[in-house]
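The values are calculated or read from the model by the stated rules, or taken from the named source; none is laboratory data. None of the values given here were measured: they were computed from a predicted structure. Reconstructed Cβ throughout: ideal geometry from the backbone, glycine too, with neighbour counts over all protein chains shown. Remember, those area values only see protein heavy atoms, side chains included, never the ligands or the DNA or RNA. Shrake-Rupley method; radii C 1.70, N 1.55, O 1.52, S 1.80 Å.
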Amino acid sequence: MTPLTHKVCMLGDFGVGKTSLVARYVRSTFSDKYLTTVGVKVDSKEVALPGRDPLKLVLWDIAGRSALDAPSTSYLRGASALLLVADGTRETSLNSALNLLMQSRSTLPDAVAVLAVNKLDLVERWEVAATTLSELRRSLPVFETSALSGAGVEEAFAEIARRLPG
Amino acid sequence: MIVDAAWPVVVQAYLRAVLVDRTHLLLLSFAPGWHLLDLQGDPAFYGLAPEAPDGLRSLQDLFVGLPLDRDQDIPFVELANGRSAHVHLVADRDAFHVLLLDAEEARSHERVQQQLVHEAIIAGHAKSKAIGQLKDIRDELGRQRSSLEEANALKNALIATLSHEFRTPLTSIFGYLHLIERRATADATAAQALQAVRRSATYLFALAENLLEYGRGESSGALLNAVEVDLGALLADVEGMFAPLAEAKGVRFRATLAHDDATAPRFDEVKLRQIVVNLLSNAVRYTTRGEIVLALAWRDRRLAVDVRDSGIGIAPEFIGQVFKPFNRGAQAGSKGAGLGLSIVRRLVDQMHGTLALESEPGQGTHFSIELPSVAAIAAGPEHASTLRGRRALVVDDDADVAQLLEVLLEDLGFEVRVLGDAASAVARAMDESPDLLLVDVELPGLSGNAAVYQLRAQGYRGPIVSLSANATTDARDASLRAGANHYLTKPLNLERFVAVVRRAVGEGAKEAT
C-alpha cells in the first residue's frame, strides 16, 4: 500500500541547521561544514507511528531566510506542515523563525507547525533563554535538537507526523 | 517548435544550442497517475532513471500537494545526483509535461555569493559576542584585581605585624628555655614551671602560625580535620596555660567539664583549641578581679563552650565590632593585634557552630559557643529530620560516584533514585518532580547542561544541582546559565555538599509555596 504523502517545509534563517536536521533524520549523517542551501532540496522518509498507517514525509529543505520572499512563498505551496528551525546560539534566529511562521500563515493557514531549536550540543553558548521556550510551548510544540548528536530530531519529526491526518 | 521556422537557419541553430543544449533540457510527458508517455533529453544527466520502478519518484515528490492541472515553476531544485535544475510543470488537457532545465552553473554562482555573505554575518555575530564577553571579563578582572590588591595589602600588613610581634619574642623565649633546660635541675617545681613555659610558648607559636593562615583564603581553612578529641586533656592543657596567668593577677580560674554523651566527640582539634585559647586569652587580658570560668559540656552530639569573666566588659556600641579583624579599641586598654575574636568567629562558622556574646561594662563578658560534632554535620539529626522522605534523583554515569551520592543523600534522609543518562533523567524528572535533582555535567550523549536546559525549557522548576570535575568559572557559569541552581565540583567537599543540598531543597520548598 502506498503511504499517505505529506509535504513538510523546513523554514528558518540561514545557518540554523535545516539541512543538517534533514541529513540526520533521513540519512543519520552529520557534517560540520556549513554549505549554504540555494533553492530547495527534497528528501523523503516514511514514518511508522503506533496504531496508524505509515506516512511518507516529503521534506523540503528550503534556503534560509529571515523573512519570506516570493520564491520562498512559492516553495511553500501544497505543504501540510512546517518545521521551523532556530539556532539556540543566535536569539535573532528564533525571532526569524517566528516571523516566518506568521508570514507563512497567509499561504498555509492550517499547516501543522513545530519549532526545533537546534544546536543543543552547544547549549553552553545558547542565547535563547529556557523561559522563552517554556512560554512558546504554550502556543506550539517546541523541541531542543542537535543535528550533531541527534538529540530531539526524531522526536520533532515524529510530532509533525502525529499531528498530520493519517 | 522552440524557434520560429521563418527565422534564418543559423539563428534557429544558435537559439537551439542556447535554449536546449546548454540547459540540458529534459522533457517528460505524463498521463494522469504519472504514467510516462514520452521522454526527450538525457535523464541520467539529472540522476533520473525512468526505467527503474521508483526512478521518477523524486520528481513526483516535488509536486506533492500541488495541482497537476496548472502550470508550476520550482526554481533551483537540488536533485538526487546533486545537480540543480529549474523544474517546470506544464499542464496539457488530460496530460502534463515536466521540464528540467540545468541550473547548476547559476546555483554555484549564487551559492558562492550567499556563502560569503552568510559566513560574514555569522562571523560578525560571533565576533560581537566575543567582544562583549571579553569586555565583561575585562571589567570583572578589573574589579577582582582591585579587591585582590586591597586584600593583599591587608594580608601583607598582617603578616608583617605577626612576623615581628610573634616570631621575634618567641625565638628569644625558645632560646633561653633551651639554655635553662640544659642546666639540670633537681627542683621539681622549677622543672614543672619550665615545662609549662615551653608548653605555652609552643602553643603560642602554633597560634601564630594559624594566624598567618588568616590571609590564605577561606577555602583551605574551611576544611575540617576531624579527630576524636579528649576533652579532659584539652581542659587540663588550657587550665595549665591560663590558671597561673589568672592567679598571678589575683583572678580565680575555674574549668569544668560535663560529659553527658556516650559518643566520642569528633572535632577539628586545632580549631577547637584556637577557639578556647583565644577566648581565655581575652578573658585573662581584660579581667583584673573576680574570676574566669571555662565550662565545656558534651551532650546531644554538641559541645558547649562557655567562657565567662568578671572583667571590664564591652560597651554596647562596640559589641558589633569585636568580631571584626584588626579591631583595636573595642575594649578599653586593648593591646592585642585585634584578631582574636574575629578568628573565633571565623572558626565557629567553619565548624558550623553558633556564637553568642553577652557583656556589660564593668561587670564582665560571657561567650557562649555551641559546636556540632563533625559527624553530625554530615548527617545530623536536624538535617535528617528536615530532609527525611524527600526524593532525590541522581544522574551520573560513573557508578562509583553515583553510589557515593546515593549513600550521602540517604544519610541525609532522602529516598534516592539513580539514573545513568540524561535523556531518561529528563523524562523521569518531568514525570516525578523530585525534591532534588543532582546531575553530572559530563554525561555521555546528551550532556548534563543540555538536560538541565531542556528541563527548564519545559517549565521544570525544582532545584537542580550540577556536578562536574571542571572547577573553572566558565564551566560553573555555563551550568548556571543552563538552569542549574547550584554547581559543585568533584571531588566533593562533604560539608559544602551538605550545605548546598540543604540550601537547594530549602529554595525548592520556598518556590513551591
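Observations on the structure shown:
- When region A:55-103 is filtered for residues that are within 13 Å of another protein chain (Cβ to nearest Cβ), touching a residue at least 60 places away in the same chain (Cβ under 8 Å) and not hydroxyl-bearing (S, T, Y), the ones remaining, listed by number, are A:L55, A:L57, A:L76, A:G78, A:A79, A:A81, A:L82, A:A86, A:D87, A:R90.
- Any hit, region A:137-149, residues being of a type outside the set (D, E), in contact (Cβ under 8 Å) with a residue 60 or more places away in the chain and within 9 Å of chain B (Cβ to nearest Cβ): no
- Taking each residue of region B:256-283 that is in the same structural domain as B:F367 (by TED's automatic domain parsing) and farther than 11 Å from B:L347 by Cα and looking for partners that are in a loop (DSSP other than H, G, I, E, B) and open to solvent by 30 Å² or more (accessible area, probe 1.4 Å) with beta-carbon atoms closer than 6 Å, six or more apart or interchain, yields nothing.
- Residues satisfying the stated conditions in region B:415-433, i.e. closer than 10 Å to B:L393 by Cβ, open to solvent by 10 Å² or more (accessible area, probe 1.4 Å) and not acidic (D, E): B:V416, B:R417, B:V418, B:L419, B:R428, B:S433
- Residue check for B:R461: surrounded by fewer than 18 Cβ atoms within 10 Å (Cβ to Cβ), within 12 Å of chain A (Cβ to nearest Cβ), over 17 Å from the mean Cα position of the chain (by Cα) and within 23 Å of B:R502 (Cα to Cα): yes
- B:H88 being outside the structural domain of B:L37 (by TED's automatic domain parsing), modelled with pLDDT of 90 or more, open to solvent by 40 Å² or more (accessible area, probe 1.4 Å) and not polar (S, T, N, Q): no
- Looking across region A:24-54, the residues that are open to solvent by 10 Å² or more (accessible area, probe 1.4 Å), of a type in the set (A, V, I, L, M) and facing another protein chain (nearest Cβ under 10 Å) come down to A:L35, A:V42.
- Cβ-Cβ under 8 Å pairs, at least 6 apart or on other chains, region B:110-124 side at the interface with chain A (Cβ under 8 Å from one of its Cβ atoms) and part of a helix (DSSP H, G or I), far side open to solvent by 70 Å² or more (accessible area, probe 1.4 Å) and at pLDDT below 90: B:R111/A:L35; B:Q115/A:L35
- Identification of helices (runs of 4 or more DSSP H) wholly contained in region A:1-106 with 3 or more residues that are within 22 Å of B:S108 (Cα to Cα) yields A:18-22, A:70-76.
- Members of region B:435-447 that are within 10 Å of chain A (Cβ to nearest Cβ) and either open to solvent by less than 10 Å² (accessible area, probe 1.4 Å) or small (G, A, S) (or both): B:G445, B:S447
- Residue in region B:75-88 that is under 29 Å from A:L35 (Cα atoms), more than 13 Å from every other protein chain (Cβ to nearest Cβ) and outside any strand (DSSP E or B) present: no
- Residue check for A:L21: within 12 Å of chain B (Cβ to nearest Cβ), at pLDDT 95 or above and closer than 29 Å to A:E135 by Cβ: no
- Matching residues in region A:56-115 - criterion: being acidic (D, E) and open to solvent by less than 20 Å² (accessible area, probe 1.4 Å): A:D61, A:D87
- Selection count where residues are closer than 17 Å to B:V87 by Cβ, free of Cβ contacts under 8 Å to residues at least 60 places away in the same chain and open to solvent by less than 40 Å² (accessible area, probe 1.4 Å), scope region B:12-46: 3
- Every residue from region B:402-460 that is of a type in the set (S, T, N, Q) and modelled with pLDDT of 90 or more: B:S424, B:S433, B:S447, B:N449, B:Q454, B:Q458
- Single match in B:L480, B:L467, B:L494 (criterion: among the aliphatic types (A, V, I, L, M) and over 11 Å from the mean Cα position of the chain (by Cα)): B:L494
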